[in-house]
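The values are calculated or read from the model by the stated rules, or taken from the named source; none is laboratory data. Just so you know, these numbers come straight off a predicted model, no measurement behind them. Here the Cβ positions follow ideal geometry from the backbone for every residue, glycine too, while neighbour counts run over all protein chains shown.
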Amino acid sequence: MREPMSHIFLVAILVIAGRGQDSGLRVVTTEDATRVAVSALLPKAVADQLPAGKMSQDEGEKWLQLCIVNDGKEGPAIIGSYERDGQNLVFTPRFALQNDKNYRACMIQAGRRISAVDYRVPPRPPAPPAEVVAVWPTNDVLPANQLRFYILFSRPMRGGSDIFEQIGLLDADGQEIADPWLRDELWNEDGTLLTLYIHPGRIKWGVLLRLLLGPVLEPDRQYTLLVRGSLLDADDRKLSKEYRKPFRTTAEDRTRLELSTWKIHAPEAGQRGSLTLAFPKPLDSRSLERFLTVVDAQGKPVKGKMAISRDAREWTFQPETDWTAQEYAVVVDRRLEDVAGNNPVHAFDVDADASPPPPQRLSLPFLPRQ
């Protein structure tokens, strides 16, 4: 019998319960036990009534269903794709099944269940516990109005409001600062990088939250960012160990980014040497990755690779092709920020009564050296 859905690599056939084998109902696995297909051999008279090829969810559910089983109770039919190839009707779930869970495939005719097959997804293979890989800013001296931290984990983490209780800020005496975080979860797509904001309401002058609770950080103090070992990863396992980042604060930085203070080191023409920008203070490393662009004399982006120093005070760019004898420029997006959230247009905290600073050109022209 020829198997349909040739794009699935079938490596094993599991018939775990019921009369599935006799009725032609099978759960077919791949190398990944969470990725399965359910195959049913229909009587020829029934198969001839169905459209060939792909079928809709509503059409397929009348004949074949897969559902999760919790405490003996069946859930609703799982969504996915159906396809008929001859007498074979195959269902492929849209999403991977859950590890360590029970599922049931059912074959239906004339509205009656005639066969069922149970399948249990094995537990996820053991893996090393998650750990904190890096924290940005890497600097151990930060302004007292520091806005955010980035925390990179070795594995996907479990989200939820509890995460703000598992990450804290300690003062020099080891006492935890009350409620320092803006409780908005910001993760990258794979759940390994958390962007953690200190609450802006405790940074900006004149805001009620700062007046009531005071600033989170004060100048010339010692603090520690603490990630507790009880923080859970996506598989509900604790971190391998707690993580601590000690740092000292300086005065608040409430001035916009001034491009005139940046130092640019132009590369040599006819080579692929690196262009370098040096900053008088650390910038936000994530925005440096996104908001600086090198363009040629026609304004077209130059392809290449950029790199950021560990302290985020230097940015380099190496082109894919040689620099030529023309004027280039580094274009600065207005969303570029320093670690306190100041950008090239205005400071993070703007005094409404003060005169705004004059606008500045958001590009840095340069000529490769001859």
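What are the residues in segment 285-307 that are touching a Pro at 6+ places or on another chain (Cβ under 8 Å) and of a type outside the set (Gly, Ala, Ser), if any? Answer for segment 285-307, where residues must be touching a Pro at 6+ places or on another chain (Cβ under 8 Å) and of a type outside the set (Gly, Ala, Ser): Thr293, Val294, Val295, Val302, Lys303. Beta carbons closer than 9 Å, at least 6 apart along the sequence or on distinct chains, pair a first residue in segment 211-239 that is in contact (Cβ under 8 Å) with a residue 12 or more places away in the chain and crowded, with 16+ Cβ neighbours inside 10 Å with a second that is assigned to a loop (DSSP other than H, G, I, E, B) and hydroxyl-bearing (Ser, Thr, Tyr) for Asp233/Ser154; Leu239/Ser230.
Pairs are defined by a Cβ separation below 8 Å, a sequence spacing of at least 6 or placement on different chains, a first member in segment 330-350 that is in contact (Cβ under 8 Å) with a residue 60 or more places away in the chain, and a second member that is part of a loop (DSSP other than H, G, I, E, B) and of a type in the set (Ser, Thr, Tyr); the pairs so defined are Asn342/Thr255; Ala347/Thr255. Are any of the residues in segment 279-292 of a type in the set (S, T, N, Q), touching a residue at least 24 places away in the same chain (Cβ under 8 Å) and within 15 Å of Pro365 (Cβ to Cβ)? No, there is no match, as no residue in segment 279-292 is of a type in the set (S, T, N, Q), touching a residue at least 24 places away in the same chain (Cβ under 8 Å) and within 15 Å of Pro365 (Cβ to Cβ). Within segment 171-198, residues that are closer than 17 Å to Gly214 by Cβ sit with their Cβ atoms under 7 Å from residues that are in a loop (DSSP other than H, G, I, E, B) and acidic (Asp, Glu), at 6+ positions apart or across chains, in these pairs: Ile177/Asp171. For segment 113-127, taking the residues that are hydrophobic (A, V, I, L, M, F, W, C) and either in the same structural domain as Val36 (by TED's automatic domain parsing) or in contact with a Leu (Cβ under 9 Å, 6 or more places away or on another chain) (or both), the one that is surrounded by the most Cβ atoms within 10 Å (Cβ to Cβ) is identified as Val117. In segment 232-261, what residues are part of a strand (DSSP E or B) and out of contact with any Asp or Glu (no Cβ under 9 Å at 6 or more places or on another chain)? Asp233, Lys238, Arg244 - these are the residues of segment 232-261 that are part of a strand (DSSP E or B) and out of contact with any Asp or Glu (no Cβ under 9 Å at 6 or more places or on another chain).
Here are some conditions: (1) buried (at least 21 other Cβ atoms within 10 Å of the Cβ); (2) out of contact with any strand residue (DSSP E or B) (no Cβ under 7 Å at 6 or more places or on another chain). Ala130 meets all but one. Which one does it not meet? Result: Ala130 fails condition (2) only. The residues listed here are Ala52, Ala110, Ala45, Ala105; of these, the one that is surrounded by 16 or more Cβ atoms within 10 Å (Cβ to Cβ) and not hydroxyl-bearing (Ser, Thr, Tyr) is Ala105. The criterion of at least 1 residues that are modelled with pLDDT of 90 or more is met, among helices (runs of 4 or more DSSP H) falling completely within segment 1-87, by 57-61.
All conditions in (1) of a type outside the set (A, V, I, L, M, F, W, C); (2) closer than 25 Å to Ala134 by Cβ; (3) assigned to a loop (DSSP other than H, G, I, E, B) hold for Pro219, with the sole exception of (2).
Are any residues in segment 139-165 over 16 Å from Ile198 (Cβ atoms), surrounded by 18 or more Cβ atoms within 10 Å (Cβ to Cβ) and not hydrophobic (A, V, I, L, M, F, W, C), and if so, which ones? Result: Arg155, single match.
A quick yes/no check of all residues on (1) modelled with pLDDT of 95 or more; (2) surrounded by 18 or more Cβ atoms within 10 Å (Cβ to Cβ); (3) closer than 18 Å to Ala266 by Cα:
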{"residue": "Phe279", "(1), (2), (3)": "yes, yes, yes"}
{"residue": "Lys303", "(1), (2), (3)": "yes, no, yes"}
{"residue": "Phe317", "(1), (2), (3)": "yes, yes, yes"}
{"residue": "Thr321", "(1), (2), (3)": "yes, no, yes"}
{"residue": "Arg334", "(1), (2), (3)": "yes, no, no"}
{"residue": "Gly341", "(1), (2), (3)": "yes, yes, no"}
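When restricted to residues that are within 23 Å of the chain's Cα centre (by Cα) and either assigned to a loop (DSSP other than H, G, I, E, B) or modelled with pLDDT under 95 (or both), segment 288-301 contains 1. Selection of segment 91-115 for residues being among the hydrophobic types (A, V, I, L, M, F, W, C) and either farther than 26 Å from Pro43 by Cα or modelled with pLDDT of 95 or more (or both) yields Phe91, Phe95, Ala96, Leu97, Ala105, Cys106.
The criterion of at least 1 residues that are closer than 30 Å to Lys204 by Cβ and under 16 Å from the mean Cα position of the chain (by Cα) is met, among strands (runs of 3 or more DSSP E) falling completely within segment 101-170, by 132-136, 148-153.
From the set of residues in segment 166-203 that are in contact with a helix residue (DSSP H, G or I) (Cβ under 8 Å, 6 or more places away or on another chain) and among the aliphatic types (A, V, I, L, M), which is surrounded by the fewest Cβ atoms within 10 Å (Cβ to Cβ)? Please lay out each step first, then the result.
Residues of segment 166-203 that are in contact with a helix residue (DSSP H, G or I) (Cβ under 8 Å, 6 or more places away or on another chain), as a first pass: 178-183, 185, 194-195, 199, 201-203.
Keeping just the survivors that are among the aliphatic types (A, V, I, L, M) gives 178, 182, 194, 203.
On the way: Ala178: 10, Leu182: 18, Leu194: 22, Ile203: 25.
Per the stated criteria, the residue is Ala178.
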